[in-house]
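Single-structure report; data block below.
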Amino acid sequence: MLKDLFYYLIYPGFLFVAVAGGLLSFFDRKITAWVQFRKGPPLLQPFYDFFKLLLVKETIIPAKGSRITFLLAPVFSLFGATVSSVLIFLPLLGIKTGFTGDVIVIFYLLTIPSLTYIIGALASGNPFASVGASREMKLVVSYELSFLLVLIALIIKSDMSISLYDIINAQQPANAFIGSISGVILFIVAIFCLQAKLGLVPFDMAEAETEITHGSFIEYSGSAYALIKLTKYIMLFTLPAFIIALFMRGINLEGIGILWAILKVLAVVLILTLIRNTNPRVRISQAMRFFFVWMNLLAIIAIVLIFFGY
Amino acid sequence: MDHIQLDTLYLPVITAIIFVPILAGIVLFIFPEKIKTVKGIISLIIAAPVLYFSYDIFAQKNMAGKVSLMDGITIKSQVINAWLEGVGKYTAINIDNLSKLITLLIGFFGLIIVIYSLVYINKAKGIRNYYPYVLITLGSSFGAVLADNLILFVIFWGILAITCYKLIKGYDEESSAAAKKTLVIIGASDGLMLLGIGIIWKISGSINMSELSITTTDAIRNLAFITLLIASFAKAGAIPFHTWIPDYVKKAPASSSAYLPASLDKLLGIYFLARICNDVFILNQWLTLVIIIIGVSTIIIAVMMALIQHNYKKLLGYHAVSQVGYMVTGLGLGTPLGIIGGLFHMMNHALYKSGLFLVAGSIEKRTGKEDLDDISGLSKAMPLTFLTGLVFALSISGIPPLNGFASKWTIYQGIIDFGKTPGVANQLWIIWLSLAVIGSALTLASFIKFISGAFLGRRREELKNVREVSIAMWFPKVVLALICVGFGVFATNFVIPKTFIPIAGDFQYVGAWNSTTISLLILISIVLGIIIYLAGNIKNFRVDDSFVGGETFREQTGFASTEFYKTISNYKLFSFIYRKAEEKWFDIYDLSKNIILWFNKKISLAHNGVLSNYAIWILAGLIIMLIFLI
């Protein structure tokens, strides 16, 4: 149990993913700044932001709303992000002991942050937050099926096994899954699902700043918002790591492998950042059609290709 | 079988839990309606020991086997003894792990509902003879579950259709129509079941379920199976025989809805489905395919209907249909994992759905409103109702680590496992899995609407005086919510091994889920979160009104939760389907009603009142009869 606690709180759990996620957030912002011909923030800016919100800024609680639900929602979102990251990183780092969860469990746990954002937003009683929450929920419903189809395709590719260890191992002797035609198609679908899960442009309609002034998070400030920021950092690290485990045969932490591991993470985050910087925000109905029709179609094509051995 | 023979000492207990509630119910008819509280307390006095004895039966691990209810009776007279022996054949009951589990659950829900009704039914303008019907339902449900003989089974099953009809009050046109619809759909399916039982008797010469093992090879055997399948689907509420549930729950008192469509009807319908799929018949792969198709389409169609509902009871009613899809899918798989998933989901569904109806009843009692548009922000006024409602809602949406997740996860694994073996339905496992998972996401979406519409947000002015309900109404909900959490937390290391493996046999998990460890981590996370809050600047907080883009906040300012999913119903395809569904195009009751009325009109053309025409009809009829008879 003590070991589980260490896994959960220190490495590869909470502390590790929070720090790494903060650094990735810096990377994302720096790239964004370069795309926009700006200088960009210093390396530790995400941590400055977090501690400023936590320690200095005043917390404003909405007068008409459910206060305890409002304040507890970020705590649960942090739980969802942390526990899914542990379940992803234990297989990824090759740690065989401790608690496990298959990809379906991870799939479900990864929706907890979005769910808690929604509940927290609704608890604030702000109409803008309600608009944001309803959009977030619709977005969840639309990308969930595409993401599941990606997982199903990979389950078929790895001989019907749903454990993340086995999915990583199935890629070891031969090439990684991304090396096949179906793998590339599935990777594209997965990247767009990630984009929506992370709430990045073009799928940031739930928190559209220019339109509904940060939507779901409009009422959050101070310590509560610090927790949400932390969740977002963790998700920015966890989800690309999940993709690496699923498509790029995980990572290898021996010698030069560490460099490769870092490059893989940076490459996935770079793709996400470039998409978000070169696209406009779409409407929620467009996003729903995009996932329901096009992404699902792509995923189904990939599954058909898998049956023909591509 | 290494089970020891059923102890005849237990026979009086078994007889008692079936007949004491029924007899007490009949006696309670005599009491006047004015002393409703006394009737309630008498029911409580009956329901509590019944729960104890049903637990007693459940706890006897080794007790299993068949017995006749008449075995215990010994009478000197030869004539009566011979007669008893004849009757004894038809009163065979069968006790195995499955019927023991269902017995316990029925006893539990009986007690929970009686406690809740003590306050709920008294104050509201109750139904006439509410408690007698509740008790008769309780006894008959035990009878139906324990019966081995199909005739005995169908008698108890038929009584349940009548009590279900009587537990809804016909106070206006819509409620009478709903009651009639319930009776017609369930009654018609019972009629079909009688046909099926007749066929079974003809084929195999026995109507004791434990003696049957019919292969579904030819048309007549398939027909027998399908008639019994329809009966179980109509009871549990699977598509296309589900249409009575949304109408029933909209008009019935919440306690009736929690009692019959939410818990007992599900338990019995799925129990019977499990019996006919696993014991009575040996399914061929096409029947498996049909059952799974009905299962997944039930999930999706009902949840899509739930998304657009404004009336919260009707919303819950559609979910009571949608969740049946998971159980049907799980049982349809026929593998141990699938059966365990289906039965586990049945138990969980009975827990959280009856809980949700009790929540709905509490809201209705305190506010008098039935529409999500008319209520909001009740979380502070009714904290326990909110908290339990949230647990039930997250549970039904399958959020880990609650019990709904545990059973859905078992079903998903069952589907993946099922896909590994050859067969028609097996090859299509991707479709079953995707539809089941997306159904769960849509369930979450529509419960977000329910929770936010009823509890979150700003409270309306007219709801200022709403208070929490009294202890008899919140206690059952709290018990149900605690069990929901407990079954989720101890799912993989206690509930499934102890309760379901004895029923369905041992199996290997495909996936991995440490429910207890991860639940502990939640506790740690909450502590961690509070530590972060306390370490931060949380003491320096300010309460202020919401920011709405610089506008002043008015009473009407807001975004109604019922508008959440307009985007979906605005798509052309969906708006068309929704419109047709509102016009009852897909309602088997209305469809068959229209067909019958059409025939009626055609036949009534012959009735033109001319005497000579009637004489010709009679003569023609006689001639046809003569031809057939000679």
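General remarks:
- Ranked by how many other beta carbons lie within 10 Å on average, peptides A:247-259, B:179-191 from highest: B:179-191, A:247-259
- Dividing the convex hull volume of the alpha carbon atoms of chain B by its residue count gives 223 Å³ per residue.
- Region B:587-629 shape via C-alpha gyration tensor axes, a/c threshold 1.5: oblate
- The mean number of Cβ atoms from other chains found within 10 Å of a Cβ in peptide B:442-454 is 4, as a whole number.
- The angle between the Cα long axis of helix B:97-123 and the longest principal axis of the Cα atoms of chain B comes to about 60 degrees, rounded to the nearest 10.
- For region B:105-172, average projected area of the Cα convex hull in nm²: 4.9 nm²
- Annotation: region A:2-307 has a Kirkwood hydrodynamic radius of 19.8 angstrom, from the mean reciprocal C-alpha pair distance.
- Three-way shape call for region A:132-238 based on the alpha-carbon gyration tensor, with the a/c threshold at 1.5: prolate
- Point-charge dipole on Cβ atoms (K/R +1, D/E -1) for the protein assembly as shown, about Cα centre, debye to 20: 1460 debye
- Going from the residue with the fewest nearby Cβ atoms within 10 Å to the one with the most, A:144, A:211, B:461 rank B:461, A:211, A:144.
- Gyration tensor verdict on region B:246-310 (Cα atoms; rounded if a/c is under 1.5, prolate if a/b is larger than b/c, oblate otherwise): oblate
- Of A:245, A:123, A:63, the residue with the greatest mean-square motion in the GNM of chain A, using alpha carbon springs below 10 Å, is A:63.
- Point-to-point label distance, residue B:508-residue B:626, nm (Cα→Cβ direction, 7 Å offset): 7.6 nm
- Region A:89-167-region B:387-456 distance, computed between alpha-carbon centres (Å): 13 Å
- Normalised contact order of chain A, rounded percent, pairs of Cα under 8 Å and 6 or more residues apart: 28 percent
- Here B:310, B:349 are placed in order of increasing Cβ neighbour count within 10 Å, fewest first, which gives B:310, B:349.
- The three principal axes of the C-alpha atoms in the protein assembly as shown carry coordinate ranges of 101, 66, 65 Å, sorted with the longest axis first.
- By the equivalent-ellipsoid construction on the alpha carbon gyration tensor, region B:171-284 comes out with semi-axes of 31, 14, 10 Å, ordered largest to smallest.
- Of the residues B:421, B:585, B:361, the one whose Cα sits farthest towards the positive end of the charge dipole of chain B is B:361 (charges of +1 on Lys and Arg Cβ, -1 on Asp and Glu Cβ, taken about the Cα centre).
Rule-based calculations on the coordinates, nothing more; no lab input. These numbers come from a predicted model, not from an experiment. Ideal geometry is used to build each Cβ from the backbone, glycine not excepted, and the neighbour counts take in all protein chains shown.
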